[in-house]
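Enquirer: Okay, handing you the structure first.
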Amino acid sequence: MKEIIRNKTSIFISDSVLELFERYKQLGLTDNESGGILLGQIRDKEIHILRASTPNKFDKSTRYSFECNKDAALVIINFEFQNSGKKTIYLGEWHTHPEKVPSPSGIDKSMIKEQYRKNKLNEPFLILMIQGLTDLFIALWDGKKLHVK
Ligand SMILES: [Zn+2]
């Protein structure tokens, strides 16, 4: 488990999620980007990322882009919500980058803002995670600013 704290907000990422990111690192020279959605729970003021969805055949991906299929994501969100006694919710998006220390592209920033606008969110933020070849980028979009963790 990994814990990130800044501005009094703690984000916990479960081992299974970290292991999943590890598996999808773009270590091969022709590996495409991978990605999916982040699911978890809010306990007190702590954000717990408990699950990340894996890429599916409806997603669009190239070496330098990833577009998560929203219909497939919605099925997962509803399933996890019902199977957790309505505790596990959609918390954000993740994808990989073929660079050591990843930083979000302009498209990544517009994507997280659009998701924030379009979705009826339970919480007033969304998390963006990008797994690079070595580092993991984590940021929280609160509707006004992207807070890099
Ligand atoms: Zn990206």
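FYI, it's all coordinate maths here, none of it is from the lab. Just so we're clear, the structure is a prediction, and the values are computed from it rather than from any experiment. Please note: Cβ atoms are built from the backbone with ideal geometry, for glycine as well, and neighbour counts cover all protein chains shown.
Enquirer: Given labels modelled 7 Å from the Cα in the Cβ direction, how far is it in nm from Lys87 to Arg43?
Expert: It works out to 0.8 nm between the two label points.
Enquirer: From the phi of every residue in segment 106-118, what ³J(HN,Hα) in whole Hz does the Karplus formula 6.51 cos²θ - 1.76 cosθ + 1.60 yield, where θ is phi - 60° and glycine or proline is x?
Expert: Along segment 106-118, the couplings run x, 5, 4, 5, 5, 4, 5, 5, 5, 4, 5, 5, 6 Hz.
Enquirer: So what is the calculated 222 nm ellipticity per residue for the chain, using -39500 (n - 2.57) for each DSSP H run with n of 4 or more, over all residues, to the nearest 500 deg cm²/dmol?
Expert: Mean residue ellipticity at 222 nm (helix-derived): -7500 deg cm²/dmol.
Enquirer: Also, I was wondering about something else. If you plug each phi of segment 69-78 into the Karplus form 6.51 cos²θ - 1.76 cosθ + 1.60 with θ = phi - 60°, what whole-Hz ³J(HN,Hα) values come out, in order, with x for Gly and Pro?
Expert: 6, 6, 5, 5, 5, 5, 4, 5, 4, 5
Enquirer: Evaluate the distance, in nm, between pseudo-label points positioned 7 Å from the Cα of Lys8 and of Asp31 along their respective Cα→Cβ axes.
Expert: It is 3.9 nm.
Enquirer: Additional query: For His147 and Ser16 in one chain, what is 0.36 nm times their gap in residues minus the Cα-Cα distance, to one decimal in nm?
Expert: Details: separation 131, 0.36 × 131 = 47.16 nm, distance 2.43 nm.
Extra length available between His147 and Ser16 comes to 44.7 nm.
Enquirer: Using just the Cα positions, wrap segment 87-149 in a convex hull and report its mean projected area in square nanometres, one decimal place. Display every interim value, and only then the final one.
Expert: On the way: hull surface 17.6 nm².
Taking a quarter of the hull surface, the average projection is 4.4 nm².
Enquirer: Separate question: In cubic angstrom, how much convex hull volume per residue do the alpha carbon atoms of segment 2-148 span?
Expert: Taking only Cα atoms, segment 2-148 has a hull volume of 106 Å³ per residue.
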